[in-house]
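Asks: Can you read through this structure? Questions will come right after.
Every number here is computed from the coordinates shown, using simple stated rules; none is lab data. As the structure is a computational prediction, the values presented were derived from the model and not from experiment. All Cβ positions, even for glycine, are placed from backbone atoms using ideal geometry, and neighbour counts span all protein chains on display.
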Amino acid sequence: GKGLAVFTSGGDSQGMNAAVRSVVRMGIYLGAKVYFIREGYQGMVDGGDNIEEANWSSVSSIIHKGGTIIGSARCMDFKQREGRLKAAFNLISRGITNLVVIGGDGSLTGANLFRQEWSSLLDELLKTNKITKDQREKYKYLHIAGMVGSIDNDFCGTDMTIGTDSALHRIIEAIDAIVSTAYSHQRTFIMEVMGRHCGYLAVVTALASEADFVFIPEAPPSVDWKNKLCNKLEQERKSGQRLNIIIVAEGAIDREGKPITAELVKKVVVDNLQQDTRITVLGHVQRGGSPSAFDRILGCRMGAEAVMALMEATPETEPCVVSLDGNQAVRLPLMECVRRTKAVSQAMADKNWDLAVQLRGRS
Ligand code: F6P
């Protein structure tokens, strides 16, 4: 059977285990020899026990667990050709030429580069007698299928990344808890949520929790935001609301690109309205805990599709990313999605907010 390996890379997210489980079982079902690579790209570079054959039962009882049982890392070695050469050798010595990578855009870009270099890496291994001519011929094609595991929902091409739904569950639960205490004391709470440079978690959270104001990176507020914020909070209090909730995305910025932090927002509220104000930074709680039903099923579906893509691959097949599009599992060209994702960051760097919102909306 074909040699296939699965690994998780970058920040963990809920539902990664469901995806790993699905890859292992679908792979075995379709006759592949399936391996885990532990600790992401680092495990691929280091080899040894990090690359281990998986069997049907090695993925039992993991679907309900948060994080990733095979570990994840942000790896520097793989960024160097030397590291990628070691990784190629470790894969070839086990007959692995099919990779399923579960991670964010950085991890997927790394996989694409690896594939582009594959041929020259193999040539170098042959020249230095690390592999035989037969191996060079037998393993000349590397196939890659990616899926996006991230709580941020920051990847173009997929409706939802694996982990986002669970993170939202965690955030909403926390806000509901905050609301009851805020109500009792007539307080204003500023909640900072994750998402890096993506405002998705913040926007959805604000809508679902009936927040009064939200700050996100893609659509910085107008220059008079401090007045607008204070007027809005005041107006809600006057109409009988006992509390205010403000959601700040961790990457929120103003129109000049300067951070709008929870501290800054608090200062504006306290200085102008003298409201009793507290900050809650949810942090990694958002990335932990058990995956929601949605993320479990999403991981299962994406994992199965990724394996099928690899099993059907021909030498010409380009790396794909498996995505959710209108509740359908689809295969999209990996680099096209990465390019579109980077275009959002570029639009934000160019302070072209209309474009940033438009591109994000399409993602
Ligand atoms: O990408 C997921 C994420 O949780 C972001 O929302 C956040 O900015 C970042 O990772 C935190 O990274 P770390 O876990 O390395 O602190």
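Asks: Decide, for the stretch 309-351, between rounded, prolate and oblate: order the square roots of the alpha carbon gyration tensor eigenvalues as a ≥ b ≥ c, take rounded if a/c falls under 1.5, and otherwise choose prolate if a/b is larger than b/c, else oblate. Provide the component values of the computation, followed by the final result.
Replies: On the way: a/c = 5.82, a/b = 1.90, b/c = 3.07.
Here the stretch 309-351 falls in the oblate category.
Asks: Return the tail of the calculated pair distribution for the stretch 145-246, meaning the percent of Cα-Cα pairs more than 15 Å apart. Show your work: numbers first, answer last.
Replies: Values: 3376 of 5151 pairs.
For the stretch 145-246, the share of Cα pairs beyond 15 Å comes to 66 percent.
Asks: Additional query: If the chain between Asp77 and Glu173 were fully stretched, how many nm would it gain, using 0.36 nm times the residue separation less the Cα-Cα distance? It would help to have the intermediate numbers written out before the result.
Replies: Details: separation 96, 0.36 × 96 = 34.56 nm, distance 3.88 nm.
My answer for the length gained is 30.7 nm.
Asks: For the stretch 273-363, state the semi-axes of the equivalent ellipsoid (square roots of 5 times the eigenvalues of the alpha-carbon gyration tensor), sorted largest first and rounded to whole angstrom. Write out the running numbers ahead of the final one.
Replies: Working: eigenvalues 230, 105, 23 Å².
After diagonalising the Cα gyration tensor, the semi-axes are 34, 23, 11 Å.
Asks: Of the cross-linked pairs Lys228/Lys267; Lys258/Lys351; Lys33/Lys79; Lys33/Lys65; Lys228/Lys266, which ones have a Cα-Cα span greater than 20 Å in the structure shown?
Replies: Values: Lys228/Lys267 15 Å; Lys258/Lys351 11 Å; Lys33/Lys79 27 Å; Lys33/Lys65 25 Å; Lys228/Lys266 14 Å.
From the list (Lys228/Lys267; Lys258/Lys351; Lys33/Lys79; Lys33/Lys65; Lys228/Lys266), the Cα-Cα distance tops 20 Å for Lys33/Lys79; Lys33/Lys65.
Asks: Another question, if that's okay. Between Pro221, His169, Ser57, whose Cα lies farthest towards the positive end of the dipole of the chain when Lys and Arg beta carbons carry +1 and Asp and Glu beta carbons carry -1, centred on the Cα centre?
Replies: So the residue furthest toward the plus end is Ser57.
Asks: Shape of the stretch 233-313 from its Cα gyration tensor (a ≥ b ≥ c, root eigenvalues): rounded if a/c is under 1.5, otherwise prolate when a/b > b/c, or oblate? Walk me through the intermediate numbers first.
Replies: Details: a/c = 3.57, a/b = 2.46, b/c = 1.45.
Note, shape of the stretch 233-313 comes out prolate.
Asks: Each label point is 7 Å from the Cα along the Cα-to-Cβ direction; what then is the distance between the points at Asp123 and Ala293, in nm?
Replies: That separation, rounded to one decimal, is 5.4 nm.
Asks: May I pose another question? So which GluC sites (Glu not before Pro) in the stretch 304-340 pass both tests, a DSSP loop state and at most 14 other Cβ atoms within 10 Å of the Cβ? Present the calculation step by step, with values, prior to reporting the outcome.
Replies: Details: sites: Glu305, Glu312, Glu316, Glu336; in loops: Glu312, Glu316.
Answer in residue order: Glu312, Glu316.
Asks: Okay, moving on. Suppose R0 equals 35 Å. What FRET efficiency, 1/(1 + (r/R0)^6) with r the Cβ-Cβ distance, do Asp271 and Gln358 give to the nearest 0.05? Write down the numbers at each step before the final one.
Replies: Values: r = 35 Å, r/R0 = 1.00.
After rounding, the FRET efficiency stands at 0.50.
Asks: Would you work out the relative contact order for the stretch 17-59, in percent, from Cα pairs under 8 angstrom that are 6 or more residues apart? Don't jump to the answer; show the numbers that get you there.
Replies: On the way: 41 pairs, mean separation 17.5, N = 43.
Here the relative contact order equals 41 percent.
Asks: Sorted from fewest to most neighbouring beta carbons within 10 Å, what does the list Leu125, Leu310 look like? Don't skip to the answer; put the middle values down first.
Replies: Numbers: Leu125 21, Leu310 24.
Lowest to highest Cβ neighbour count: Leu125, Leu310.
Asks: Follow-up. If each of Glu336 and Ser61 carries a label point 7 Å out from its Cα toward its Cβ, how far apart are those two points in nm?
Replies: Each label point is offset 7 Å from its Cα along the Cβ direction, giving 4.4 nm.
Asks: Still on this structure: Helix check for the chain. Which DSSP H runs span at least 15 Å along their own axis by Cα, with a mean Kyte-Doolittle hydropathy no less than -0.5? Each step should come with its number before you reach the end.
Replies: Details: long enough: 16-29 (19 Å, 0.68); 81-92 (16 Å, -0.15); 105-127 (33 Å, -0.30); 164-185 (31 Å, 0.30); 225-238 (19 Å, -2.03); 262-273 (16 Å, 0.66); 293-311 (27 Å, 0.93); 334-349 (23 Å, 0.16).
Span-like helices in the chain: 16-29, 81-92, 105-127, 164-185, 262-273, 293-311, 334-349.
Asks: Rounded to the nearest 5, what % of the DSSP beta bridges within the chain are antiparallel ones? Please report the intermediate quantities before stating the final value.
Replies: On the way: 10 of 45 bridges.
Close to 20 percent.
Asks: Compute the relative contact order of the stretch 1-139 as a whole-number percentage, counting only Cα pairs closer than 8 Å that sit 6 or more residues apart in sequence. Each step should come with its number before you reach the end.
Replies: Numbers: 242 pairs, mean separation 43.3, N = 139.
Worked out over the stretch 1-139, it gives 31 percent.
Asks: Quickly work out the Asn327-to-Val281 label distance, labels modelled 7 Å from Cα along the C-beta direction, and quote it in nm with one decimal.
Replies: Distance between the two pseudo-spin positions: 4.0 nm.
Asks: Sticking with this structure for a sec: Taking the Cα centre of the stretch 49-178 as origin, work out the dipole magnitude from +1 charges on Lys and Arg Cβ and -1 charges on Asp and Glu Cβ, in debye rounded to 20.
Replies: Numbers: 15 positive and 17 negative charges, 155 e Å.
Taking the Cα centre of the stretch 49-178 as origin, the dipole is about 740 debye.
Asks: Got the relative contact order for the chain handy, in percent, Cα pairs under 8 Å and 6 or more residues apart? Don't jump to the answer; show the numbers that get you there.
Replies: Values: 787 pairs, mean separation 78.5, N = 363.
Contact order relative to length: 22 percent.
Asks: Determine the principal axes of the Cα atoms in the chain, then give the extent along each, sorted from largest to smallest and rounded to whole angstroms.
Replies: 78, 43, 34
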